[in-house]
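The values are calculated or read from the model by the stated rules, or taken from the named source; none is laboratory data. Quantities reported herein were computed from a predicted structural model and do not represent experimental measurements. Backbone-built Cβ (ideal geometry, glycine too); neighbour counts: all protein chains shown. Surface accessibility is based on the protein's heavy atoms, side chains included, excluding ligands, DNA and RNA. Shrake-Rupley method; radii C 1.70, N 1.55, O 1.52, S 1.80 Å.
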Amino acid sequence: NVGKQPKKPRPKPDGSKECFERLAEVVGTIRILERLSDRGAKHVDTAVDILTTSQTTRESKVYQTFLHDILRQAGRGLVVLCAASLGKQRVVQLSESDRAGLVRHVKDNKAVLHCPLLESLAGDFQVP
């Protein structure tokens, strides 16, 4: 290994930027198809269950807190969008600061991300 340069650590990708793009992509699809994908619907079911029951695992508590933040800052329709677009694993894998940035992005872009169908879906899925 003599003469080899030590590898520089690669910068960690900005997970929240990828999530922003995913939100925009999924809301566009929802506007066109006027429905959630099967996977998106499963993610929303999971999110509603986590929002409405006591959680014991770290991952579920982190996701529950994120969902409550979205609910409080942006409303039920955008809880549906975040859950359907991102799911629990993607949100939990973000750093705490990236999750906070994601909440801020959703709050700041409510008007762009919102569509009436999301509110209807929130009722259908019984988002609290």
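Quick check: net charge around Arg104, other residues with Cβ under 12 Å of its Cβ, Lys/Arg +1 and Asp/Glu -1?
Combined, the nearby Lys, Arg, Asp and Glu give 0.
Could you check the simple spin-label distance between Thr65 and Ser120, using points 7 Å along Cα→Cβ, in nm with one decimal?
3.6 nm
Among His43, Phe66, Leu118, which residue has its Cα positioned farthest towards the positive end of the charge dipole of the chain, with +1 placed on the Cβ of Lys and Arg, -1 on the Cβ of Asp and Glu, and the dipole taken about the Cα centre?
Of the options given, the answer is Phe66.
From the backbone phi of the stretch 58-68, what are the Karplus-calculated ³J(HN,Hα) couplings (6.51 cos²θ - 1.76 cosθ + 1.60, θ = phi - 60°) in whole Hz, Gly and Pro given as x?
4, 4, 5, 5, 4, 5, 4, 4, 4, 4, 4
Return one whole number: the accessible area per residue of the stretch 7-98 in Å², for a 1.4 Å probe.
It amounts to 60 Å² per residue over the stretch 7-98.
Give a residue-ordered list of calculated ³J(HN,Hα) values for the stretch 107-117 (Karplus: 6.51 cos²θ - 1.76 cosθ + 1.60, θ = phi - 60°; whole Hz; x for Gly, Pro).
Along the stretch 107-117, the couplings run 4, 5, 10, 3, 5, 6, 7, 6, 8, x, 4 Hz.
Magnitude of the Cβ-charge dipole of the chain, K/R +1 and D/E -1, about the Cα centre, nearest 20 debye?
Magnitude of the dipole: close to 700 debye.
For Rg and Dmax of the Cα atoms in Å, which listed value, (1) 16.6, 64; (2) 13.9, 41; (3) 15.3, 49, comes from the coordinates shown?
(1)
Below 17 Å, Cα to Cα, which aspartates and glutamates can Lys110 reach? Residues fewer than 8 away in the same chain don't count.
Glu21, Glu25, Asp69, Glu119
What's the carbon and sulfur percent of the chain's accessible surface, probe 1.4 angstrom, rounded to a whole number?
50 percent
Treat each spin label as a single point 7 Å out from the Cα along the C-beta direction, and report the Arg58 to Gln93 distance in nm.
Placing both labels 7 Å beyond Cα along the Cβ direction yields 1.7 nm.
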